[in-house]
Amino acid sequence: LIDIYGPAASSGMGSAVFAAQGVTSATLESEALSRYRYFVGDGWDERASAWQGSFKELYRRASGEKGSIDAELHAIKDPALRGVVAMMVDEMEDPAAARAALAGAFDGSSVRDLRLYSLGDGEQMAGVQIASLSESGEAVFLVMLLD
């Protein structure tokens, strides 16, 4: 996943993968928001209400349900976010590798909680975050934010 989407970063644009230990279902959303804030970096403080206002849960996989992250991403209805999904999956240099990496990280049997969040500044920037939690308490967050 990191090979395709990049390591944890505070670039404010593009994509990055974050991991955390000791996360619970109750703290997954606050942890996702924290990674989003870190990713936006210094720009967060200038427009915190705009960045935070766009952070909304779009989808939650039912507990115990076998999912398909590719299908779940492509089911997002928001036109701006559909463009982000296209960039995240379909328009990658190697879409098959992107799909395989996403499935490997987010469709495994150890994933017990998965959520999709919208990101952006309400104006030019739009993005999607995938937040997942495994049985071991390890969380993985993929952030993609584009203009």
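The values are calculated or read from the model by the stated rules, or taken from the named source; none is laboratory data. Treat the numbers as computed from the prediction; the structure is a model and nothing was measured. Every residue, glycine among them, receives a Cβ derived from its backbone with ideal geometry; neighbour counts consider all protein chains shown. Heads up: the accessible areas ignore ligands, DNA and RNA and are worked out on the full protein's heavy atoms, side chains in. Shrake-Rupley method; radii C 1.70, N 1.55, O 1.52, S 1.80 Å.
Look at Gly122 and say whether it is open to solvent by 30 Å² or more (accessible area, probe 1.4 Å), touching a residue at least 12 places away in the same chain (Cβ under 8 Å) and at positive phi. Yes; evaluated as a whole, the condition is true for this residue. The residues listed here are Met87, Met144; of these, the one that is closer than 17 Å to Gly14 by Cβ, within 14 Å of the chain's Cα centre (by Cα) and in contact (Cβ under 8 Å) with a residue 60 or more places away in the chain is Met144.
In segment 36-51, which residues are under 15 Å from the mean Cα position of the chain (by Cα) and open to solvent by 40 Å² or more (accessible area, probe 1.4 Å)? If the condition is that a residue be under 15 Å from the mean Cα position of the chain (by Cα) and open to solvent by 40 Å² or more (accessible area, probe 1.4 Å), then Arg37, Tyr38 are the ones that fit. In segment 61-82, the residues that are among the β-branched types (Val, Ile, Thr) reach residues that are part of a loop (DSSP other than H, G, I, E, B) with C-beta atoms within less than 6 angstrom, at least six apart or across chains, in these pairs: Ile69/Asp107. Of the residues making up segment 118-140, those that are within 9 Å of the chain's Cα centre (by Cα) and of a type outside the set (A, V, I, L, M) are Ser118, Gly127, Gln129, Ser132.
When Ala139, Ala105 are screened for being touching a residue at least 60 places away in the same chain (Cβ under 8 Å), out of contact with any Phe, Trp or Tyr (no Cβ under 9 Å at 6 or more places or on another chain) and not basic (Lys, Arg), only Ala105 passes.
Look at (1) in contact (Cβ under 8 Å) with a residue 60 or more places away in the chain; (2) small (Gly, Ala, Ser); (3) out of contact with any strand residue (DSSP E or B) (no Cβ under 7 Å at 6 or more places or on another chain) and you find that Ser15 fails only one, number (3). For Gly22, the conditions (1) surrounded by 20 or more Cβ atoms within 10 Å (Cβ to Cβ); (2) on the phi > 0 side of the Ramachandran plot are fulfilled apart from (1).
Matching residues to (1) farther than 18 Å from Ala71 by Cβ; (2) at pLDDT below 95; (3) open to solvent by less than 10 Å² (accessible area, probe 1.4 Å); (4) of a type in the set (A, V, I, L, M, F, W, C):
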{"residue": "Ala86", "(1), (2), (3), (4)": "no, no, no, yes"}
{"residue": "Asp90", "(1), (2), (3), (4)": "no, no, no, no"}
{"residue": "Ala96", "(1), (2), (3), (4)": "no, no, no, yes"}
{"residue": "Ala105", "(1), (2), (3), (4)": "no, no, no, yes"}
{"residue": "Gly108", "(1), (2), (3), (4)": "no, yes, no, no"}
{"residue": "Leu114", "(1), (2), (3), (4)": "no, no, yes, yes"}
{"residue": "Tyr117", "(1), (2), (3), (4)": "no, no, yes, no"}
{"residue": "Ser132", "(1), (2), (3), (4)": "no, no, yes, no"}
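A single entry from Gly120, Gly108, Gly83 fulfils the requirement of being of a type outside the set (Lys, Arg) and farther than 21 Å from Val40 by Cα: Gly108.
Among the residues of segment 61-82, those that are surrounded by fewer than 17 Cβ atoms within 10 Å (Cβ to Cβ) and among the basic types (Lys, Arg) comprise Lys66, Lys77, Arg82.
Please state which one of Arg82, Arg35, Arg47 is among the charged types (D, E, K, R) and at pLDDT 95 or above. Going through Arg82, Arg35, Arg47 in turn, just one is among the charged types (D, E, K, R) and at pLDDT 95 or above: Arg35. Of the residues that make up segment 52-59, is at least one of a type in the set (A, V, I, L, M) and under 17 Å from Ser132 (Cα atoms)? Checked against the condition, which is being of a type in the set (A, V, I, L, M) and under 17 Å from Ser132 (Cα atoms), segment 52-59 yields at least one hit.
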